[in-house]
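The block underneath contains the structure these notes are about, expressed in structure tokens.
The values are calculated or read from the model by the stated rules, or taken from the named source; none is laboratory data. No experiment lies behind these values; they were computed from the predicted model shown. Cβ placement follows ideal geometry from the backbone for every residue including glycine, while neighbour counts extend to all protein chains displayed.
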Amino acid sequence: MSSIIDDKGNDVEKLKIICLGDSAVGKSKLVERFLMDGYKPQQQSTYALTLFNYETKINGKKISVDFWDTAGQERFSSMHPSYYHQAQACILVFDATRKVTYKNLSNWYKELRQYRPDIPCLLVANKIDVDLSVTKRNFAFGTKYNLPQYFVSAANGTNVVKVFRDAIKAAMSYKQNPTDFVDQVLAELEHFGSPEDDLINLTSKNDG
Amino acid sequence: MPSGVILTLGEGSVGQLGLGDEVMTRKKPAVVPDISQEEIKKIKAGGMHTVCLTNTNKIYTFGCNDEFALGRPTDDDDSEYSPKLVLGPVTQNQVVHLTAGDSHTCVLTETGRVFVWGSFRDSRGRLGMMKPKEAKTPTELTTIKEPVIDVASGNDHVAMATASGQVLTMGCSEQGQIGRVSRYFNDRGGRRTIVYLLVPTKICIHKVRGFKKPKIIKVFCSAYATWVVSTDGHIFGFGLNNYKQLGFEDGVNRHMPEHVDQFSDIGCVQIAGGQHHTLLLDKHGSVYSLGRGEYGRLGHGTDITQADEPIKINTLQNITSISASSAVSFALDKDGKAWGWGLGTNLQLTTGTEDDVWTPTQLTGRNLETRKILEIGSGGQHTVILAQDQP
């Protein structure tokens with residue numbers, strides 16, 4: 001997950017942002033809405049995830065973001081650890097009009113923190129187009145864990161771009177100042193050798 | 001039948017504590033004030049709502065009503081946060097049993113009739129109740145032609161045993177929990193349409209070698225699984241098994257009923273479970289647990305984070321009932337004392353902190369000191385306690 005050199009010789013920063021939340025809260029719809037034009041799903045359900053790549057620039061620096069979406073694995077209420085691996089930000093989604101999807105937020109958050117103790121997490125209440133009055137409700141979960149909270153609609157686009165732009169910025173700043181031990185190790189490894197060497201190091205580390 | 005007052009604790013942001021719209025969290029059990037004068041005989045915690053039944057056959061509900069799990073109108077926003085009565089024909093029947101899932105509620109009457117309300121959900125969202133839409137008020141399952149003797153609810157499914165020993169199921173089939181839809185058809189019933197999932201339909205249970213065709217007398221559900229018990233004491237299971245919580249060590253889900261050797265050998269009188277773990281109660285009052293152990297839900301301490309087969313919890317004795325949900329577990333003993341363990345995040349265990357609890361720890365609180373606990377309801381983020389004043 002280091003920076004790579006693109007075919008024009010520019011330095012491109014790679015980011016990984018994961019989406020979490022119950023089934024049918026509109027996670028995929030959110031990503032698709034954000035990427036509306038020319039999005040490129042790279043893998044279909046084969047690996048129980050869908051990966052969307054998005055390229056942008058922040059302060060003149062080229063950024064390549066992989067958005068990971070769960071493709072139904074969440075229906076077993078648990079994600080494979082690799083889903084969380086090296087993610088730099090998380091977008092945690094529930095359906096504001098079906099608050100039963102709010103029930104599992106604490107479980108998702110607990111699992112996220114088990115693997116990624118410090119990455120930025122953004123809380124998203126989706127489907128506010130169905131009932132705008134939900135935006136008046138105070139959802140205690142976000143306040144309790146001090147998470148930035150967004151009321152969005154994948155259907156009409158309200159706040160969608162804002163969430164994703166904020167997530168990318170948060171992921172970028174986390175990558176530059178990681179507080180997680182594994183990230184520090186990886187950041188150090190980046191100073192040695194090529195990305196392939198990193199992979200080898202990682203593999204042998206996991207084997208141990 | 002003994003009766004008492006209802007107490008609640010845990011997270012209550014959608015009204016499931018019944019303490020009004022000012023109280024969103026409660027660390028210790030609080031008496032639900034609006035119905036503190038009622039004599040309550042049964043309680044049940046759904047995923048995000050609470051149901052209780054009084055000695056005079058009144059049904060009160062509170063909590064999330066987005067999919068009509070309360071069975072009553074909540075046009076006034078605050079009416080989700082306080083107990084209010086369910087009305088209609090269901091109240092003219094003597095209710096003997098309540099069950100609740102994530103977004104549905106179900107009651108069994110003395111004469112074996114079943115009423116349901118709310119909706120089931122699957123990975124695509126709303127599935128419906130009997131029809132591909134919600135049941136907004138209590139609706140009788142009229143297609144069942146004989147009396148029902150037992151009912152259980154999972155997160156999004158219902159299982160019933162009938163007087164003749166048959167099992168009927170309805171609801172989401174994605175993890176195999178209704179035991180009659182092969183994995184190739186479980187995406188909303190495949191070509192057979194949604195109604196095939198939603199109408200109570202008989203499941204087929206094969207007999208155990210050397211025994212007659214099984215006659216089922218009890219049904220139990222965890223979040224995504226079902227077990228049924230025959231008159232011979234055989235236990236058959238189906239549903240999610242990703243942490244071996246169903247009782248099969250291969251970790252493969254079952255979409256059709258299969259005999260669970262591990263459970264029949266123990267001779268379970270009760271089975272309860274959350275998302276990824278299962279509790280068993282045997283006739284001697286001992287409790288066993290199996291499945292995923294993270295966050296302490298198995299009750300065996302921090303060393304055991306996965307149990308492929310039932311392991312006895314040695315500290316618990318004389319237990320008379322068990323309950324579980326999500327990643328928490330509870331046991332109640334013959335003296336009316338109760339123990340809880342598991343995920344601490346939602347403050348469901350009376351410890352007052354968010355720390356996980358890895359071994360059974362007695363439920364405490366000022367409001368429990370002079371009371372004997374009769375029943376515990378384990379919800380998605382909250383706990384409901386039925387307790388009787390001690391003379």
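List of remarks:
- Counting residues in the stretch B:176-190 that are surrounded by fewer than 24 Cβ atoms within 10 Å (Cβ to Cβ), of a type in the set (Ser, Thr, Tyr) and in a loop (DSSP other than H, G, I, E, B) gives one or more.
- Just one residue in the set B:327, B:331, B:338 is within 14 Å of chain A (Cβ to nearest Cβ) and aliphatic (A, V, I, L, M); that residue is B:327.
- Listed conditions (1) away from chain A (no Cβ under 14 Å); (2) outside any strand (DSSP E or B) are all met by residue B:160, apart from (2).
- Candidates B:226, B:193, B:201, B:231, filtered to the one that is among the polar types (S, T, N, Q), surrounded by 24 or more Cβ atoms within 10 Å (Cβ to Cβ) and either in contact (Cβ under 8 Å) with a residue 12 or more places away in the chain or over 30 Å from residue B:282 (Cβ atoms) (or both): B:226
- From the options B:5, B:96, residue that is closer than 28 Å to residue B:356 by Cα and touching a Leu at 6+ places or on another chain (Cβ under 8 Å): B:5
- Considering the stretch B:106-133, and only residues there that are away from chain A (no Cβ under 11 Å) and not in a strand (DSSP E or B), the residue that is surrounded by the most Cβ atoms within 10 Å (Cβ to Cβ) turns out to be B:130.
- Residue list for the stretch A:86-130, filter: charged (D, E, K, R) and either more than 13 Å from every other protein chain (Cβ to nearest Cβ) or part of a loop (DSSP other than H, G, I, E, B) (or both): A:98, A:103, A:116, A:118, A:127, A:129
- Screening the stretch B:272-375 for strands (runs of 3 or more DSSP E) wholly inside it with 3 or more residues that are touching a strand residue (DSSP E or B) at 6+ places or on another chain (Cβ under 6 Å) and surrounded by 24 or more Cβ atoms within 10 Å (Cβ to Cβ) returns the ranges B:277-282, B:287-292, B:319-325, B:328-333, B:338-342.
- Residue in the stretch B:129-139 that is more than 21 Å from residue B:377 (Cα to Cα) and free of Cβ contacts under 8 Å to residues at least 24 places away in the same chain present: yes
- Among the numbered conditions (1) without any contact (Cβ under 8 Å) to a residue 12 or more places away in the chain; (2) more than 21 Å from residue B:38 (Cα to Cα), the only one that residue B:79 does not meet is (2).
- Among residues of the stretch A:4-40 being within 14 Å of another protein chain (Cβ to nearest Cβ) and on the phi > 0 side of the Ramachandran plot, the one that is modelled with the highest pLDDT is A:21.
- Residue match in the stretch B:140-151 (condition: assigned to a loop (DSSP other than H, G, I, E, B), under 29 Å from residue B:238 (Cα atoms) and free of Cβ contacts under 8 Å to residues at least 12 places away in the same chain): yes
- For the stretch B:92-106, residues that are under 14 Å from residue B:54 (Cβ atoms) and within 12 Å of the chain's Cα centre (by Cα) total 1.
- Criterion (surrounded by fewer than 23 Cβ atoms within 10 Å (Cβ to Cβ), among the small types (Gly, Ala, Ser), within 13 Å of chain B (Cβ to nearest Cβ) and in contact with a strand residue (DSSP E or B) (Cβ under 9 Å, 6 or more places away or on another chain)) met by exactly one of A:133, A:78: A:78
- Unique match (being in a loop (DSSP other than H, G, I, E, B), free of Cβ contacts under 8 Å to residues at least 24 places away in the same chain, within 12 Å of chain A (Cβ to nearest Cβ) and not aliphatic (A, V, I, L, M)) among B:22, B:67: B:22
- The one condition in (1) away from chain A (no Cβ under 13 Å); (2) closer than 24 Å to residue B:225 by Cβ that residue B:103 fails to fulfil: (1)
- Those residues of the stretch A:136-153 which are at the interface with chain B (Cβ under 10 Å from one of its Cβ atoms) and in a helix (DSSP H, G or I), in sequence order: A:136, A:140, A:141, A:143, A:144
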